[in-house]
Amino acid sequence: MSPAGEPFLTTNKKDKIMGNIRDEIGNFDPTSVPDAGKFAPVPPGWYAAEIDRAEVKKTNSGDGSYISMQCGIIGDKANGRKIFTKIHLKNKNSTCMDIGKRQLAECCLALGIGVPDDTDELIGKPLMIKVKIEPARGEYPASNDVDKYKPIGNATVIARPTAAEASSDLPTASAPAEEKKATPAKATTAKAKPPWM
């Protein structure tokens, strides 16, 4: 204790602040807390959410990559619960790649953004996530995952270009890419009321 009666804070070799927990909480028995560490998955369905964290990571094999995301549910239903998910960017499995492309496209359209340059562009914007339950496997309990994404009510959505519009933006042999003007994305406004209001 310090002369003022406060516990000393010390740092270890990694400069983490350490203190005496028992001084702060007194007699505490972790086994006395019901369901400690046991979070039942939220029921399947659509939830208003924001992406709290997103980062690109390598797969365990090292030859693929994915976006690791944490989505925080907002609104009345399950407010504050966190849903963890992945969107595959590179993978040897073609089915996994197809699902990853679909999910990334849905996520970007739901957020009203084009192709993001950085995961920071995904963070902090509201969207709707369709939550599903992954069954328990071995020592791992049942958990939630995100199955689909869509815009939240009253959000601006970037419309997908038609095949003709998309191909007209591609440079041709007679027109160099720098001379070809890009067609701006069409925007529509959804008039639905946000589900949490």
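Read-outs: derived from the displayed coordinates by stated rules, not from any lab. A quick note: this is a predicted structure, and the numbers were derived from the prediction, not measured. Note: ideal-geometry Cβ built from the backbone for every residue, glycine included; neighbour counts use all protein chains shown.
Summing Lys and Arg as +1 and Asp and Glu as -1 over all other residues whose Cβ lies under 11 Å from the Cβ of E134 gives a net charge of 0. Here the Karplus curve 6.51 cos²θ - 1.76 cosθ + 1.60, taken at θ = phi - 60°, turns the phi angles of the stretch 42-55 into couplings of 6, x, x, x, 8, 9, 6, 8, 10, 7, 7, 9, 7, 8 Hz, with x standing for Gly and Pro. Prolate is the label for the stretch 12-145, because a/c, from the alpha-carbon gyration tensor with a ≥ b ≥ c as root eigenvalues, is 1.5 or above and a/b exceeds b/c. In terms of the mean number of neighbouring beta-carbon atoms within 10 Å, the peptides 19-29, 71-81 order highest first as 71-81, 19-29.
Counting Lys and Arg as +1 and Asp and Glu as -1 over every other residue whose Cβ lies under 11 Å from the Cβ of G64, the net charge comes to +4. When the pairs K82/K148; K57/K101; K57/K86; K130/K150; K92/K150 are compared against a 19 Å limit on Cα-Cα distance, K92/K150 fall above it.
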